[in-house]
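Shown next, in structure tokens, is the structure this report addresses.
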Amino acid sequence: MTERIDLLVMGGGPAGYAAAIRASHLGKNVVIAERQRLGGTCLNRGCIPTKALLESAHFYAGLSSAGLHGVELEVKGLDYGQVIKNKDQIVQGLVKGLEFLLDKRRIRVLAGQARFLPSGEVQVGEDVFQADHVLVATGTEPLELPGLEADGQVVVNSDQLLDRPALPESLVIVGGGVIGCEFATVFASYGVEVTVVELQDRILPMEDVEISRALTREFKKRRIKVLTEAKVLGVERGQGAQVTIEQKGRSVELAADLVLVCVGRRPVLPEGFPGELDARGYVRVNERFQTSVPHVYAAGDVIGGVQLAHLAFEEGWAAVHNMYGQPARQEWFVPACVYTKPEIASVGLTEEEARRRGGEVITAKYSLKGNGKAVIAREDSGFVKFVAEPGGRVLGVHIIGPQATELIAGAALALEQGLTLQDWAQVIYPHPTVSESIKEAVLSALGCGLHSL
């Protein structure tokens, strides 16, 4: 028998569960269909587990500086299995919390893969639903390259790497984007010999050029090898891997215990999806997050574009508002974070993007070598950079350094509110903090730096 409901959500990740919760606020009868575990990639295979690994890695690496603080330590060894166990406990706890939250909001969660029937109904296991609205929020999965298919032993994707119980002695990372750079940070912290292979001319190609260059310098200090403009030609698999790459016209052989391939992701589509797709296979939506089928909406990574959990939250929320006639946004200033060492965060346009748009652009940087709090923490190799119009309109803010991922929210708020450099200069930042480097960069942009020339 077919059950009539208000909203069926395909996928229990950030876009899906945010949409379900918002619909419950509006008094709607909601069902979520999730084929794996609530929380999607972010909670189970992305944001949370990787940051748990990074936290453990930072803690381990930080032990080496204990002597500077007068603490004598003897590190007897590393139990990497405990690192994985700690990560799993954190993930499981947050998944249970999400399950509890949805249960209290009377949102029904069905374990299973939802599929569209020719009739327009949706089937989940043995259950069939006639939903007034459907939200597709099925996310993405790791992209594979021909010849570099993951076998789970010698060549792995990011999902598989998360659960390996032992550290390799050497690791080649194919792809110098966010995922690759974060895993490079994790494994290098434990003394693993890491090489990053990137096809483009720099790692983190979506970030400001100066940010990418700064991270490359920091990686080299930490003995992480970075090979740019390099293409993987093949991998010979055995006890380990022999990776053949071509870099600037010459062939290079790399030997490694393990190869991580993280060159992007691809959309996961529900069976029978009736809507249109774009050229890359992502779900095509309009400004209301509506597909070509009027009662079917889509949000999150499955629609392409910037694939970030915090944007997926907003898209899921906006999709529900559009379904039920509530005010909704379609564009935001979206902060982006990279949890390397040092951290990186940005919002708005890079200098290159701003210049491509035409018109005059001014930039200003403030080095953290002049910031007392960063110097105390011995993390003063970063900077804050502003990109603005000569009249003072801020176009972008870019930070590399300690707490960058926490500081960027304030910059996002300022861009959302349209603050100019002149407005920003009126804000008092506490001293000593890393945050005051933001005001120092603002003053530099205005030509009146206090602690800079």
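Just so you know, all these numbers are worked out from the coordinates, no wet-lab data involved. This is a predicted model, so every value here is computed, not measured. Counting neighbours? That spans all protein chains shown, and the Cβs are built from the backbone with ideal geometry, glycine included.
What the table below lists for this structure:
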item: For the chain, radius of gyration divided by Kirkwood radius, i.e. Rg to Rh on alpha-carbons; result: 0.99
item: Counting DSSP beta bridges with both ends in the chain, the antiparallel % (nearest 5); result: 60
item: Cys residues of the chain counted as unpaired, since no other Cys beta-carbon is under 4.7 Å; result: Cys181, Cys262, Cys337, Cys448
item: Potential extension, Ser64-Lys225 segment - 0.36 nm per residue separation minus Cα distance; result: 55.8 nm
item: Separation in nanometres of the label points that stand 7 Å from Cα toward Cβ, at Lys85 and Gln239; result: 3.0
item: Mean ellipticity per residue at 222 nm, deg cm²/dmol - from DSSP H runs of n ≥ 4 across the chain, formula -39500 (n - 2.57); result: -9500 deg cm²/dmol
item: Residues Met206, Met323, Met10 arranged by fewest to most Cβ contacts within 10 Å; result: Met206, Met323, Met10
item: FRET efficiency, 1/(1 + (r/R0)^6) with R0 41 Å, evaluated for Leu453 and Ala111 via beta carbons; result: 0.10
item: Of the DSSP H helices in the chain, those whose Cα atoms cover at least 20 Å axially and whose Kyte score averages -1.0 or more; result: 47-62, 80-104, 309-323
item: Calculated FRET efficiency for the pair Ala166/Glu55, C-beta based, R₀ 22 Å, to 0.05; result: 0.70
item: Given 16 as the ceiling on other Cβ atoms within 10 Å, longest exposed-site-free region of the chain for trypsin sites (Lys or Arg not before Pro) in DSSP loops; result: 107-221
item: Estimated FRET transfer efficiency when R0 is 30 angstrom, pair Lys248-Glu149 (beta carbons, to 0.05); result: 0.70
item: Distance (nanometres) between label positions extended 7 Å along Cα→Cβ at Arg393 and Leu277; result: 3.9
item: Overall Cα dimensions of segment 155-263, principal axis frame, Å, largest first; result: 38, 31, 23
